[in-house]
Amino acid sequence: MNLKKVLYILSILFSFALKAQEEVKKDSTKNLDITLFPVAFYTPETDFGFGALGIASFWLHGEKRSTRSSSVQLGVSYTTKNQFLLYFPFEIYSDNEKWRVIGELGYYKYVYNYYGQGITSLEEDSENYEVTFPRLRMSVLREVLPDFSVGLGYQLDNFTNLKEEEDGLLANSTVIGKDGGMVSNVGLLAFYDTRDDIFYPTKGFFIQGNFFTSSNFLGSSFKYSKFNLDSRYYKKVGKRKIIATNLFFGSSSSGTPFLDQFYIGGKRTRGFSSRRFQDNAEASLALEYRFHISGRFGAAVFGSTSTVAPNFKDLFSSPLKNSGGAGLRYIINKRDGVRLRADYGYSKEGGNISFTILEAF
């Protein structure tokens, strides 16, 4: 897409957001706050996508307004390449934030990029594959120390109707999961969370450690385990100016299906095409400077460095891939600080436009 077309699309999207904001009547003194707005996006693998998204934030009965609000989202999208996305993420707090329930229900018929395995995969080998899957994510955590919670989690993705390019890279590979299958994993989780807000934190830490392992008893088609540590820090550096950092490590065993591998080319690593580099381990560091412009508008500049490798040990000798960029923000919900995000990320391989809701991390 050329720059004029990108700017035209973004102007339409922001005008839709402004119209939706005017039509949704809100009262910040009420328990329930609902925001509705249209969704539109573009990626090379999906072409144009359209849909709608609703966000509801609230406090359960008896919860203090000084605690974090719970939230649920409901989104539906359809692309011009006949893909379909239905997703219902949620984050529920109760008993003065002592209990936390986080998860997602979803159904996806979607197209992903595949470039091969590892940090040396070639851009010219790019191809797409389509896969259909229902998704279930559920984690229940209990606070055991101030701001520190532990709990149990479950992950389910049932990959079916995987369609790769005929005689392409994926079709001729021996990667685990190329014929689809069920991911059914159980795990342990730990959180340390001192953020002042879940939608737009301005200070505090968020550190999450997970360990999941496949369960044949629960129908898993694969035998593997995985671990990740996701650490974030937010700091005010001036009036309505914030520095956000995200350090991530992840590693999984040799039996990991390629559908559930770690990858570069996501929210932390904007500037690369989706799933540009993928393997069984990832290390990445992302920095972002967020600031207010005027009224409901803000902006951000960001950068990242990252790598993938076959295992955790090899991460420390694997080449780093760098990217950076900038974007605009528009507040669609003043009470909770929910923002629309339009970003342009750039790397040596070119640039990418993304338009979505909520900050990258």
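The values are calculated or read from the model by the stated rules, or taken from the named source; none is laboratory data. Everything quoted here is computed from the prediction, not taken from an experiment. Cβ sites come from the backbone with ideal geometry, for glycine too, and all protein chains shown count toward neighbours. These area figures cover heavy atoms from the full protein model, side chains too; ligands, DNA and RNA do not enter into them. Shrake-Rupley method; radii C 1.70, N 1.55, O 1.52, S 1.80 Å.
Cα atoms only, segment 108-152: Rg and Dmax in Å?
So, for segment 108-152, Rg and Dmax equal 18.9, 50 Å respectively.
State the percentage of accessible surface on segment 29-70 attributable to carbon and sulfur atoms; use a 1.4 Å probe and exclude ligands, DNA and RNA.
Carbon and sulfur atoms account for 67 percent of the accessible area of segment 29-70.
Just to confirm the filter: which trypsin sites (Lys or Arg not before Pro) across segment 237-332 are DSSP coil and have at most 14 other Cβ within 10 angstrom of their Cβ?
Filter output for segment 237-332: 239, 240.
Leaving out same-chain residues fewer than 8 places away, which aspartates and glutamates sit with a Cα under 16 Å from that of residue 241?
Partners within reach: 196, 197, 288, 359.
Can you list the HN-Hα couplings for segment 129-135, worked out from phi with the Karplus curve (6.51, -1.76, 1.60; θ = phi - 60°), rounded to whole Hz and with x for Gly and Pro?
Couplings: 9, 10, 8, 10, 7, x, 10 Hz.
Apply the Karplus parameterisation 6.51 cos²θ - 1.76 cosθ + 1.60, with θ equal to phi minus 60°, to every residue of segment 156-166 and state each ³J(HN,Hα) to the nearest whole Hz, in sequence, with x for glycine and proline.
Once rounded to whole Hz, the list reads 9, 9, 10, 7, 9, 6, 6, 10, 9, 5, 4.
Assigning unit charges at the beta carbon (Lys, Arg +1; Asp, Glu -1) and nothing else, what dipole magnitude in debye, to the nearest 20, does segment 194-317 show about its Cα centre?
Charge dipole of segment 194-317: 680 debye, to the nearest 20.
Would you mind checking the radius of gyration and Dmax of segment 49-145 based on alpha-carbon positions, in Å?
My reading of the Cα-based Rg and Dmax gives 18.7, 57 Å.
Please express the Cα-Cα pair-distance distribution P(r) of segment 181-293 as a list of whole percents, one per 5 Å bin, running from 0 to the bin with the greatest distance.
Once binned at 5 Å, the Cα pair distances of segment 181-293 give 2, 11, 17, 18, 17, 15, 10, 6, 3, 1, 0.
Work out from phi, with θ = phi - 60° and the Karplus expression 6.51 cos²θ - 1.76 cosθ + 1.60, the ³J(HN,Hα) of each residue of segment 345-359, listed in order in whole Hz, and give x for Gly and Pro.
Per residue, the Karplus-derived 3J(HN,Hα) values read x, 9, 9, 4, 8, x, x, 9, 9, 9, 9, 7, 10, 6, 5 Hz.
List the pairs from 203/313; 226/313; 64/239; 98/223; 64/203 whose alpha-carbon separation is above 23 Å, in the order I gave them.
Listed pairs above 23 Å: 203/313; 64/239; 98/223.
Please compute the per residue accessible area over the chain with all protein chains in place, 1.4 Å probe, rounded to a whole number of Å².
With all protein chains present, the chain gives 48 Å² per residue.
Report in % the part of the accessible area of segment 193-289 that belongs to carbon and sulfur, leaving out ligands and nucleic acids; probe 1.4 Å.
Exposed carbon and sulfur together represent 57 percent of the surface.
As a test of the definition: which semi-axes, in Å, follow for segment 109-221 when you take the square root of five times each eigenvalue of its alpha carbon gyration tensor? Largest first, please.
The three semi-axes for segment 109-221 are 35, 19, 12 Å.
Amide H of residue 262: which non-local residues (sequence gap of 5 or more, or other chain) have their own amide H closer than 5 Å, using H built in the peptide plane?
Long-range HN contacts for residue 262: 279, 281.
Within segment 57-119, report the trypsin sites (Lys or Arg not before Pro) that DSSP leaves as loop and that have at most 16 other Cβ atoms within 10 Å.
64, 65, 81, 98
Viscosity 1.567 mPa s, temperature 4 °C: what is the translational diffusion coefficient of the chain from Stokes-Einstein with a Kirkwood Rh over Cα pairs, rounded to a whole number of µm²/s?
So the translational diffusion coefficient is about 60 µm²/s.
Carbon and sulfur together cover what percent of the accessible area of segment 107-164 at a 1.4 Å probe radius?
Of all accessible area on segment 107-164, carbon and sulfur atoms account for 55 percent.
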